1. Among Val127, Val137, Val123, Val102, which is at pLDDT 95 or above and over 25 Å from Asn5 (Cβ atoms)?
2. For the condition hydrophobic (A, V, I, L, M, F, W, C), farther than 19 Å from Phe119 by Cα and out of contact with any Phe, Trp or Tyr (no Cβ under 7 Å at 6 or more places or on another chain), what is the one hit in Val37, Val56?
3. When the residues of segment 14-39 are narrowed to those that are aliphatic (A, V, I, L, M) and at pLDDT below 95, which ends up farthest from Val56 (Cα to Cα)?
4. Can you tell me which residue among Glu160, Glu149 is assigned to a helix (DSSP H, G or I) and surrounded by fewer than 15 Cβ atoms within 10 Å (Cβ to Cβ)?
5. May I ask you to verify whether Ile108 is at pLDDT 95 or above, over 17 Å from Asp152 (Cα atoms) and surrounded by fewer than 16 Cβ atoms within 10 Å (Cβ to Cβ)?
6. Report yes if some residue within segment 23-39 is closer than 21 Å to Ala122 by Cα and of a type in the set (Gly, Ala, Ser); otherwise report no.
7. Would you point out which residue out of Ala31, Ala86 is over 24 Å from Ala159 (Cα atoms) and more than 15 Å from the chain's Cα centre (by Cα)?
Amino acid sequence: MPLPNPVRILMMDCDGVLTDGGMYFDANGQALKRFDVKDGLALAMLADMGFLTAIVSGDQSAITAARCDVLKICHVVLGRMDKEAAVRELLAETGIPAEAAVFIGDDITDLPALRMVGFGVAVADAVDAVRAEADWVTRRPGGHGAVREVCDAILAQLAERAEGDQTES
């Protein structure tokens, strides 16, 4: 997968990307979401390396906020339906050019953000419009390892860079 070089930030939606998009409700009406631990491990690995990650979601749930905290997500933007503006603000705040950013989405509300970054990714089960505009479509669906695929590509790029830095020394 031809990621921009270097990738400096990974941004993504939550529901349908980190989750399978389904909602579970307990007997008290409390919503529950399913997250894939493989996605979580890869995001935590990136965070431990100091790599910037961000969640940009229209949903504003305590579940999402708690999961982002556990995963050490650097930037968490919840309750924002205008994802293009949110991504623009994140890029300005971090000083990262759009060309060095990756965004993962699954639905039409993600399209503006997907279009403005250097590399747009759609999960395998994204709606047709998102898959059609993405630079890459994952093999796995949202909530089932799609984020891990992207993280693995970034981790490989970071390893290549580190190897190159050692060779130059």
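The values are calculated or read from the model by the stated rules, or taken from the named source; none is laboratory data. Bear in mind the structure is a predicted one, so any value in this text is a computation, not a measurement. Positions of Cβ are backbone-derived with ideal geometry, glycine not excepted, and every protein chain shown enters the neighbour counts.
1. The match here is Val127.
2. Val37
3. Applying the filter and picking the extreme gives Ala27.
4. Going through Glu160, Glu149 in turn, the sole match is Glu160.
5. Values: at pLDDT 95 or above: yes; over 17 Å from Asp152 (Cα atoms): yes; surrounded by fewer than 16 Cβ atoms within 10 Å (Cβ to Cβ): yes.
So Ile108 fits the description; yes.
6. Among the residues of segment 23-39, not one is closer than 21 Å to Ala122 by Cα and of a type in the set (Gly, Ala, Ser), which makes the answer no.
7. Details: Ala86 fails: more than 15 Å from the chain's Cα centre (by Cα).
Going through Ala31, Ala86 in turn, just one is over 24 Å from Ala159 (Cα atoms) and more than 15 Å from the chain's Cα centre (by Cα): Ala31.
Here is a yes/no grid of residues against (1) of a type in the set (Val, Ile, Thr); (2) closer than 17 Å to Thr19 by Cα; (3) in contact with a helix residue (DSSP H, G or I) (Cβ under 6 Å, 6 or more places away or on another chain):
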residue	(1), (2), (3)
Asp36	no, yes, no
Gly40	no, yes, no
Gly50	no, no, no
Lys83	no, no, yes
Ala92	no, no, no
Ala101	no, no, no
Val117	yes, no, yes
